[in-house]
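The values are calculated or read from the model by the stated rules, or taken from the named source; none is laboratory data. Note that the structure is a prediction, hence the values are computed from the model and not measured. Cβ placement follows ideal geometry from the backbone for every residue including glycine, while neighbour counts extend to all protein chains displayed. Ligands, DNA and RNA are excluded from the accessible area calculation, which covers all protein heavy atoms including side chains. Shrake-Rupley method; radii C 1.70, N 1.55, O 1.52, S 1.80 Å.
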Amino acid sequence: MREHSSEDCRPEALLSVAAEAAQAAGALLLNYARSGFRVELKNPVNLVTDADHAAEQCIVDHIRARFSDHRILAEERGADTASSSRYRWIIDPLDGTTNFAHGFPVYAVSIGVECDGRGLIGVVYDPTRDELFTAQAGGGAYLNGRPIAVSATDLLDRSLLVTGFAYDIRETPNNNLDHFARFALKTRGVRRTGSAALDLCYVAAGRFDGFWEVKLSPWDMAAGVVILREAGGRVTDFRGNTHSIHQPELVASNGLVHEAMLAVLGEDPAR
Ligand code: IPD
Ligand code: CA
Ligand code: CA
């Protein structure tokens, strides 16, 4: 059934289209992983493959078939500004492209939906583990249909954190290596999975206690922050202010180690 001119979509309908699209794109990524793909270099460390483009097209086709007037912001094609719809779909068709291109099986499809600029739906699908993370604002967060919640770890000293590094790591001193070094000495460990969308979901599921990154894009975060909040987590900028997916810094946690993480991020690197 098409709902193409409806401006008050049922969140359940949005969630189900997002989940279908993410799973279809995930299946397509697995096929490319098995049968081969072409890699292009945006620069020596920033890759894109034909699987990224095909997965994105698959997701856009799913959305257009049901909600033809909704706005779309997708990593590879950019923003589509033709409509004034209240709804905007924010898509990372392959989060973890470097992993994918190297055959390291940690990557995901990320689809968020905003209504009037606020995160309403989050869906992240990891095709290699068949893990589907979903959330609807006010409705809780789920992994393959089962409720998930953040961890109860309340000390940084006992926490397992995760982070990531942007593609300009070689070109700028704001490359997160300073924060990484400090957290590595104050926690049980810091991981780098290579997929920010999964990092957010893993905090939501209690697998990590916190996540920070200095330079993310809206499509890395749109779905994951809805899932994290619905799992009871907290997300802010580095000063503890309200987080926006249109700003690059993000601190996400179980809430209990959040202030301690902000304190480490605020430490003067020269000290
Ligand atoms: C990247 C991943 C990575 C993060 C980078 C992102 P991509 O996205 O989420 O974990 O550290 O900042 O750009 O390029 O694989 O979609
Ligand atoms: Ca990404
Ligand atoms: Ca991507």
Name the one entry in Ala51, Ala108, Ala25, Ala33 that is modelled with pLDDT of 95 or more and more than 16 Å from ligand 2 (Cβ to nearest atom). Ala33
Given the conditions (1) modelled with pLDDT of 95 or more; (2) open to solvent by 40 Å² or more (accessible area, probe 1.4 Å); (3) not in a strand (DSSP E or B), every one holds for Tyr142 apart from (3)
State whether the residues of the stretch 72-81 include one that is open to solvent by less than 40 Å² (accessible area, probe 1.4 Å), outside the structural domain of Ala223 (by TED's automatic domain parsing), in contact (Cβ under 8 Å) with a residue 24 or more places away in the chain and within 16 Å of ligand 1 (Cβ to nearest atom). yes
Can you spot a residue in the stretch 89-108 that is in contact with a His (Cβ under 8 Å, 6 or more places away or on another chain), in the same structural domain as Thr134 (by TED's automatic domain parsing) and either surrounded by fewer than 16 Cβ atoms within 10 Å (Cβ to Cβ) or farther than 17 Å from Asn31 by Cβ (or both)? yes
Since Val225 meets every condition but one in (1) in a helix (DSSP H, G or I); (2) more than 16 Å from ligand 1 (Cβ to nearest atom), which condition does it not meet? (2)
Here's a check for you: in the stretch 193-241, which residue that is within 16 Å of ligand 3 (Cβ to nearest atom) and acidic (Asp, Glu) is nearest to Asp95 (Cα to Cα)? Asp220
Every residue from the stretch 82-100 that is of a type in the set (A, V, I, L, M, F, W, C) and touching a helix residue (DSSP H, G or I) at 6+ places or on another chain (Cβ under 8 Å): Trp89, Ile90, Ile91, Leu94, Phe100
Report yes if Phe238 is buried (at least 24 other Cβ atoms within 10 Å of the Cβ) and assigned to a loop (DSSP other than H, G, I, E, B), otherwise no. no
Extreme residue, nearest to ligand 1 (Cβ to nearest atom), among residues of the stretch 179-207 that are of a type in the set (A, V, I, L, M), outside any helix (DSSP H, G or I) and out of contact with any helix residue (DSSP H, G or I) (no Cβ under 6 Å at 6 or more places or on another chain): Ala205
Selection within the stretch 182-236 - of a type in the set (Asp, Glu) and at positive phi: none
Return the residues of the stretch 14-42 that are open to solvent by less than 50 Å² (accessible area, probe 1.4 Å) and assigned to a loop (DSSP other than H, G, I, E, B); say none if nothing qualifies. Gly36
Lone qualifier among Gln136, Gln57 - being within 18 Å of the chain's Cα centre (by Cα) and open to solvent by 10 Å² or more (accessible area, probe 1.4 Å): Gln136
